[in-house]
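Asker: Before anything else, here's the structure in question.
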């Protein structure tokens, strides 16, 4: 992997990690178009590990929330919510990697998720929970279970699954999005540590270029994600989810065309 490729993938990660459009799907597609093998162990690890940069942007933007240590319930809610993902991730890790190598599956799930977003706000109209403080432990666990859908169905998007789950549990748009951001921290941190350890264990360590490309990808993802989070919250409050539904459907259809014409290997 070259530095230019790492920068491009880092930009894609930073832009898409917290939007309901599947960052992993976008990175896999980008890697495929750049001629990078998505079946390579390093690529699989890199795709997950640069999400750490995006996670750090959440800690920076919401530092008062994360470093207010007196508020123990905040941390307890995140622990409760992340447990299902840890279990599902461990159980289905190899199957998830195989599914991520199938652009056709990703395309179909992108389209189906987009259709759901077109109508979601007509289905869930009651929103009484407008902040993290009003989210109880049972609701946290349920949102965590929704997050597992993104693990089982590549292309759904972790952000989309948790936001939709939150809204179905009467969270407002902004509250659902913010809790999705918060939950990304322990979820993706655990996934990153696991992937780094597994690559190190299976391949005997990292060479200098491996470390260099990881650093570049994470730094780029961090900077771009800082801007993307601010944009998403403001846009979401004004315009809702329909535009993301249209985007997902459009991307899914483009993917089907690319697969049909042989530009993407299924």
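Where a number appears in this text, it was derived from the coordinates with a stated rule and is not lab data. Just so you know, these numbers come straight off a predicted model, no measurement behind them. Positions of Cβ are backbone-derived with ideal geometry, glycine not excepted, and every protein chain shown enters the neighbour counts.
Asker: Taking the chain as a Gaussian network, Cα atoms linked when under 10 Å apart, which of 14, 155, 252 shows the biggest mean-square fluctuation?
Answerer: Of 14, 155, 252, the Gaussian network model singles out 252 as fluctuating most.
Asker: Follow-up. Would you order 200, 247, 42 from fewest to most other beta-carbon atoms within 10 Å of each residue's own beta-carbon?
Answerer: In increasing order of surrounding Cβ atoms, one gets 200, 247, 42.
Asker: Express in whole angstrom the spacing between the alpha-carbon centres of segment 238-260 and segment 126-184.
Answerer: 22 Å
Asker: Follow-up question, since we're still on this one. Can you give the convex hull volume per residue for the Cα atoms of segment 187-228, as a whole number of Å³?
Answerer: Numbers: hull volume 2.4 nm³, N = 42.
Output value, Cα hull per residue: 58 Å³.
Asker: Still on this structure, please answer the following. Using Cα pairs closer than 8 Å and at least 6 residues apart in sequence, work out the relative contact order for segment 3-260, in percent. Please report the intermediate quantities before stating the final value.
Answerer: Values: 366 pairs, mean separation 100.6, N = 258.
Relative contact order comes out at 39 percent.
Asker: If we restrict to alpha carbons, what Rg and Dmax does segment 170-266 come to, in Å?
Answerer: My reading of the Cα-based Rg and Dmax gives 18.3, 50 Å.
Asker: If we sort 156-166, 61-71, 77-87 on the protection proxy, mean other Cβ atoms within 10 Å, highest first, what's the order? Before the final figure, lay out each step's value.
Answerer: Details: 156-166: 26.9, 61-71: 12.0, 77-87: 19.5.
Highest mean packing first, the order is 156-166, 77-87, 61-71.
Asker: Would you compute, for the Cα atoms of segment 1-81, the largest minus smallest coordinate along each principal axis and list the three values in descending order, in whole Å?
Answerer: Largest to smallest, the principal-axis extents are 49, 22, 22 Å.
Asker: Now, a different point. With a Cα-only, solvent-free Debye model of segment 3-260, what are the log10 I(q)/I(0) values at q = 0.08, 0.17 Å⁻¹?
Answerer: Computed log10 I(q)/I(0) values: -0.29, -1.40.
Asker: Can I ask one more? With 10 angstrom as the radius, rank 226, 255 by how many other C-beta atoms surround their C-beta, starting from the fewest. All intermediate terms of the calculation are to be shown ahead of the outcome.
Answerer: On the way: 226 18, 255 23.
Going from sparsest to densest Cβ surroundings: 226, 255.
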